[in-house]
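Accompanying notes for the structure given below.
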Amino acid sequence: MSSSSTPYGLVPVQKIGFQAFTGAFREFPVKANNSAAIFNGDLVVLSTAGLPSAVGTTPTAIKIPSTSADATAGIMGVCVGARFIDANSSQLTFRNFLPAGQITAGASEVFVRVHDDPDTIFRVKGTHALGTFNSGTDGSGFAGAVGMNAALNFSTSGSTSTGLSGVALAVGSNGGSLAATSTLACRIIEVVPGTEADTYPEFFVKLNVGVHSYQNSLGLA
């Protein structure tokens, strides 16, 4: 049961089609100072200079067939940790998130670890209860969320105490933000069993086409 409003970002749990999920990640080097922390569960994007940073607004998916130029080059995946040589101890340090200002702090060999498989299914907490959206015989309304799209919500900051992202799924009051809209970032695969009637239900979601760089033909300029 989830009565806490505290989100935890996007957590990779499995892959589409029940493919094996291995927990693999790709490392992106941080060659310039990161002005903001990159939390575990944050979506990660690369600048044109190749510097990774956390996404701060909900991505936009591509309407198929696309009727206009793609807006961005897409995200690279989701942060699952970081490593660097600590300036004070000179020791290799592993963290579940990358604190801000590591280059300024004197750290070296700084890397963000990103799970970059575009076929990943993520677990994410919703912003609101499904409420009356669930009306129906024997709770049949719960199933109505499956197959719908939703944006991501960034109103909660990540936590330097836990290292976890503040990203959540934008559910809206009584599920009012769930829609068929093609440009919303996420597709709902399932409501996590046992959380359907919770104050803050949890969902299994996949990123829609165009959100991830590997499913988007626009490259970095």
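The values are calculated or read from the model by the stated rules, or taken from the named source; none is laboratory data. Since we're looking at a predicted model, the values are computed, not measured. Virtual Cβ from ideal backbone geometry, glycine too; neighbours counted across all protein chains shown. For accessibility, only protein heavy atoms count, side chains too; no ligands or nucleic acids. Shrake-Rupley method; radii C 1.70, N 1.55, O 1.52, S 1.80 Å.
How much length is gained if the chain between Thr6 and Ile189 is pulled fully straight, taking 0.36 nm per residue apart and subtracting their Cα-Cα distance, in nm to one decimal?
Result for the pair: 63.7 nm of gain on full extension.
Please work out, to two decimal places, the log10 of the ratio I(q)/I(0) at q = 0.13, 0.15 Å⁻¹ from a Debye calculation in which every Cα of segment 160-221 carries one identical scatterer.
Debye curve over Cα of segment 160-221, log10 I(q)/I(0) at q = 0.13, 0.15 Å⁻¹: -0.49, -0.63.
Could you please state how large a percent of the accessible area of segment 1-124 is carbon and sulfur, counting protein chains only and using a 1.4 Å probe? Could the numbers behind the result be given before it?
On the way: 3360 of 6220 Å².
For segment 1-124, the apolar C and S fraction of the accessible surface comes to 54 percent.
Hey, with R₀ at 30 Å, roughly what FRET efficiency would Ile103 and Leu218 work out to, going by the Cβ-Cβ distance, to 0.05?
Once the sixth-power term is evaluated, E becomes 0.60.
Rounded to the nearest 20 Debye, what is the dipole magnitude of the chain about its Cα centre when Lys and Arg each give +1 and Asp and Glu each give -1 at the C-beta?
That gives a dipole near 260 debye.
Picking from Thr6, Ala170, Asn208, whose Cα lies most toward the positive end of the charge dipole for the chain (charges on Cβ: Lys, Arg +1; Asp, Glu -1)?
Comparing the listed Cα positions along the dipole, Asn208 ranks first.
So what is the accessible area of the chain per residue, in Å², with the probe set to 1.4 Å? Before the final figure, lay out the partial values.
Details: 10380 Å² over 221 residues.
Roughly 47 Å² per residue, with all protein chains present.
If R₀ is 41 angstrom, what is the calculated FRET efficiency for the pair Thr57 and Ser90, using the beta carbon separation as r and rounding to 0.05?
Numbers: r = 38 Å, r/R0 = 0.92.
Calculated transfer efficiency: 0.60.
Under the rule that an exposed site lies in a DSSP loop and has at most 14 other Cβ atoms within 10 Å, name the longest stretch of the chain with no trypsin sites (Lys or Arg not before Pro) of that kind, not counting the sites themselves.
Segment 64-221 is the longest.
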